[in-house]
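Working notes, structure below.
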Amino acid sequence: MKFAVVTYGTEGDTRPLAALCRALMDVGHETRLLADASTLGSAKALGVPSAALTGDIRGTLQPHHSISGVVAEGDRFRSTVNVLARIANVNAESWLRQIVTVAKGCDAIIVGGLAAFAGLSAAEYLGVQAIGSGMIPITPTATFPSPFLPPGIVPRWLNRTTHQFVNGMLWRAFRKSTNAARSKVCGLPARARVWTQHPMLYGVSPSLLPPPSDWPANACLCGQWMQPEREWSPPSALSDFLASGEPPIYVGFGSMAGFDRPKLLKEMIKAVAGRRALFYSGWSGVEASMLPANFFVIEETPHDWLFPRTSVVVHHGGSGTTHSAARAGVPSVVVPFAGDQFFWANRLRQAGVAADARSWKRLDASQLASHIEFAKTDTVSTRARALSKKMRAEEGLVNAVAFIEKLVLD
């Protein structure tokens, strides 16, 4: 079978879908991945055919650009919706045009991220199966509220309503440009309501988030979508650093940008208190000269190789990093910035492998230090190892491929 796989977002959106493409290819299917150019490195490394969608999310999120304010302004949810809508609305027509061109002759289109509405429209136009994908559970349930809302503020009886509200609000923010693109590119009628009937696959661990009992049969928590393990040789300087002392604390904030770097770094440096630490700058723009000598700055390094060699993972709470830290059996300290990161921070807290998270804007060195100390306790380390054992027994990609094949063949 032949699949077009479409997403738009940061590395955390593209990397799992590159792994899914590779898994589909390994059992004989053809795939082509469309995503932002700056996030396609994993696809190239895996030998997955790919093409860049228009746009520049990394440039858009840099501090000099006004959109970076999503992590620095008041209402987290509304700010997140606004930034996502602005990126998608500018590119809706070109995305739909690109997807239709690539997906002709495909058996199905797998959609995710900001390009999901364009992908769903392309599938409708081409008359092929549309399959939703994601690392954030958005299928309505009474078990937990929408991951885009702060945990603990919604009474349980409103949980399902929050999903419907958030999904509807996202659709309203994207609807005008999506419908204009549908008409101009495909001659399709305007949609009044968001799509709800297509199957959804999640690269999410059921050990970290138990499957809701009220989900429909076409929604599946497959397990984490990990890239195949490969031989990877670290730079000699990194090997020497790791060998020269106790396992370090890892600090990295992935694709986060636009925050008050001096403030956060000042508190982070105080909290680490001279201990050995690794720092990955990601898209943050933090330079090595801003850090003391106990911090060893690294380039992009495979999490499955690195995290088991650390003592604590300090991160932003993105779904991918959350899963990788948990799977490695290492406790977390989560410093959430926006969106679903507060949800994943809460899942780690409920699993007992992280303390209660604080937004980067409210964090100070003493709180961060206490969270690091909590993560280093024997009790937390034991819980982290137990969670890792369960997650390593999952076969996320195998489950996803089987589910996709059944959907298309049936």
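The values are calculated or read from the model by the stated rules, or taken from the named source; none is laboratory data. Model, not experiment: these values are computed from the prediction. Every residue, glycine among them, receives a Cβ derived from its backbone with ideal geometry; neighbour counts consider all protein chains shown.
Points to keep in mind about this one:
- Any hit, the range 77-93, residues being under 24 Å from Lys2 (Cβ atoms) and at pLDDT 95 or above: no
Every residue, every condition in (1) closer than 22 Å to Lys263 by Cβ; (2) surrounded by fewer than 15 Cβ atoms within 10 Å (Cβ to Cβ), yes or no:
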position	(1), (2)
Gln350	no, yes
Asp356	yes, yes
His371	yes, no
Leu387	no, no
Met391	no, no
Ile404	no, no
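- Hey, Ala118 within 29 Å of Glu11 (Cβ to Cβ), in a helix (DSSP H, G or I), modelled with pLDDT of 95 or more and out of contact with any helix residue (DSSP H, G or I) (no Cβ under 6 Å at 6 or more places or on another chain) or not: no
- The number of residues in the range 15-34 being under 17 Å from Gly134 (Cα atoms), without any contact (Cβ under 8 Å) to a residue 60 or more places away in the chain and not in a strand (DSSP E or B) comes to 1.
- Check on Ser370, among the polar types (S, T, N, Q) and free of Cβ contacts under 8 Å to residues at least 60 places away in the same chain: yes
- Restricting the first member to the range 383-398 and to residues that are part of a helix (DSSP H, G or I), and the second to residues that are of a type in the set (Lys, Arg), the beta-carbon pairs closer than 6 Å and six or more apart or on different chains are Ser388/Arg327; Met391/Arg327.
- Only listed residue being in contact with an Asp or Glu (Cβ under 8 Å, 6 or more places away or on another chain), closer than 18 Å to Pro248 by Cα and among the hydroxyl-bearing types (Ser, Thr, Tyr), chosen from Ser370, Ser324, Ser332, Ser381: Ser324
- Counting the residues of the range 232-266 that are modelled with pLDDT under 85 and outside any loop (DSSP other than H, G, I, E, B) gives 6.
- So Ile109, is it of a type outside the set (S, T, N, Q), closer than 10 Å to Ala4 by Cβ and in contact with a Gly (Cβ under 9 Å, 6 or more places away or on another chain): yes
- Assessment of the range 360-373 against the conditions (part of a loop (DSSP other than H, G, I, E, B) and either closer than 24 Å to Cys222 by Cα or polar (S, T, N, Q) (or both)) yields no matching residue.
- Applying the criterion of being touching a residue at least 24 places away in the same chain (Cβ under 8 Å) and part of a loop (DSSP other than H, G, I, E, B) to the residues of the range 121-135, the residue that is surrounded by the most Cβ atoms within 10 Å (Cβ to Cβ) is Met135.
- Which numbered condition Cys106 misses (of (1) touching a strand residue (DSSP E or B) at 6+ places or on another chain (Cβ under 9 Å); (2) modelled with pLDDT under 95; (3) in a loop (DSSP other than H, G, I, E, B)): (2)
- Test result for Leu397, touching a Gly at 6+ places or on another chain (Cβ under 9 Å), farther than 15 Å from Ala328 by Cα and surrounded by 14 or more Cβ atoms within 10 Å (Cβ to Cβ): yes
- Qualifying residues in the range 195-251 (those that are of a type in the set (Ser, Thr, Tyr) and under 23 Å from the mean Cα position of the chain (by Cα)) - the one surrounded by the most Cβ atoms within 10 Å (Cβ to Cβ): Tyr202
- Of the candidates Trp225, Trp171, Trp232, the single residue that is aromatic (Phe, Trp, Tyr) and closer than 19 Å to Ala88 by Cβ is Trp171.
- Test: Phe241 is aromatic (Phe, Trp, Tyr), in the same structural domain as Val333 (by TED's automatic domain parsing), touching a strand residue (DSSP E or B) at 6+ places or on another chain (Cβ under 6 Å) and in contact (Cβ under 8 Å) with a residue 24 or more places away in the chain: yes
- When we screen Ala386, Ala402, Ala355, Ala351 for residues that are among the aliphatic types (A, V, I, L, M) and modelled with pLDDT under 95, the only hit is Ala355.
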